[in-house]
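Have a look at the structure below before the remarks.
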Amino acid sequence: MLNNQTAEKLSKLKMPAMAECYHRLSETPDAAALSHDDFLGMLVDAEWTARSNKRIKRLLRQADLRENASIEDIEYHPDRMLNRLEILQLSECSWVESRRNLLITGATGAGKTYLACALGNAACRRNYSVRYYRMPRVLTDLAVARMDGSYNRYLATLKKCQILIIDDWGLAPLSPAEGRDVLEVIEDRMLTGSLVISSQLPISDWHAVFEDPTIADACMDRLIHNSYRIEIGGETMRARHSKSI
């Protein structure tokens, strides 16, 4: 009876995992042999693990990653030119702490999105907030926000996350207005967190994407000098996998 009351109190204190563990241990004969410290430690571990898993699920849901990618499943074929040690180090997210950026380039289908999402997944599991967007969607949302008066609020939303992933950079030329919007996003990143950009274009061609060269200079200066770069080579992953079928 007392055990049930204790478990109920733990549930009311919003410690359901601890309550469940307490109830389970109370019905286990061997639990009586545990020291008070060990018994309490198991309860705390159960609650800690449950809350940690819940937090990771929430971060992954908010990140809205395009692919369910993981660092462990990245393929390191020689022609892809991926450095396994470098990827593992990036997955530890020390670059986020120093507010550095990551620029990923490669041909269509090379696996840029997968790599970006794998690193985003790893960051969520280290309790960093992440948001994934495609470049066309960001530009559309910014244009709509400017018209309906929510521009600053939308920028604040992009600013909140610690890692902002922008996929499909440079698919179309950026008008002067779009260039200014992109500059605002990049500027905010320098103050609050990190930016991950993936693009089919080599970085040397990014400047030409902007119709206004002055804005291009400002954006590229902020990106190039504070970023890690990964260029993925080799054939498309779709073609590679089709050969193994």
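The values are calculated or read from the model by the stated rules, or taken from the named source; none is laboratory data. What you see is a predicted model; the values in this text were computed from it and never measured. No Cβ is skipped: glycine too gets one built from the backbone with ideal geometry, and neighbour counts run over all protein chains shown.
What the table below lists for this structure:
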{"item": "Cross-chain or 6+ apart pairs with Cβ under 8 Å, segment 38-64 first and without any contact (Cβ under 8 Å) to a residue 24 or more places away in the chain, then hydrophobic (A, V, I, L, M, F, W, C) and outside any helix (DSSP H, G or I)", "result": "M42/L34"}
{"item": "Search result, residues across segment 166-192 that are surrounded by 21 or more Cβ atoms within 10 Å (Cβ to Cβ) and in contact (Cβ under 8 Å) with a residue 60 or more places away in the chain", "result": "D167, R189"}
{"item": "Pair list, Cβ < 6 Å and 6+ apart or interchain, from segment 68-80 residues that are within 20 Å of A107 (Cα to Cα) and in contact (Cβ under 8 Å) with a residue 24 or more places away in the chain to residues that are acidic (D, E) and not in a loop (DSSP other than H, G, I, E, B)", "result": "none"}
{"item": "Some residue of segment 58-80 being assigned to a helix (DSSP H, G or I), surrounded by 13 or more Cβ atoms within 10 Å (Cβ to Cβ), of a type outside the set (F, W, Y) and modelled with pLDDT under 95", "result": "yes"}
{"item": "In segment 28-43, the residues that are surrounded by 14 or more Cβ atoms within 10 Å (Cβ to Cβ) and modelled with pLDDT of 70 or more", "result": "M42, L43"}
{"item": "Search result, residues across segment 222-243 that are at pLDDT below 95 and acidic (D, E)", "result": "E235"}
{"item": "Pick from segment 214-223, criterion farther than 17 Å from T192 by Cα and touching a Leu at 6+ places or on another chain (Cβ under 8 Å), ranking: surrounded by the most Cβ atoms within 10 Å (Cβ to Cβ)", "result": "I215"}
{"item": "Enumeration of residues in segment 136-165 that are of a type in the set (D, E, K, R) and either surrounded by fewer than 13 Cβ atoms within 10 Å (Cβ to Cβ) or within 27 Å of S98 (Cβ to Cβ) (or both)", "result": "D148, R153, K159, K160"}
{"item": "Test: residue in segment 91-106 that is charged (D, E, K, R) and in a helix (DSSP H, G or I)", "result": "yes"}
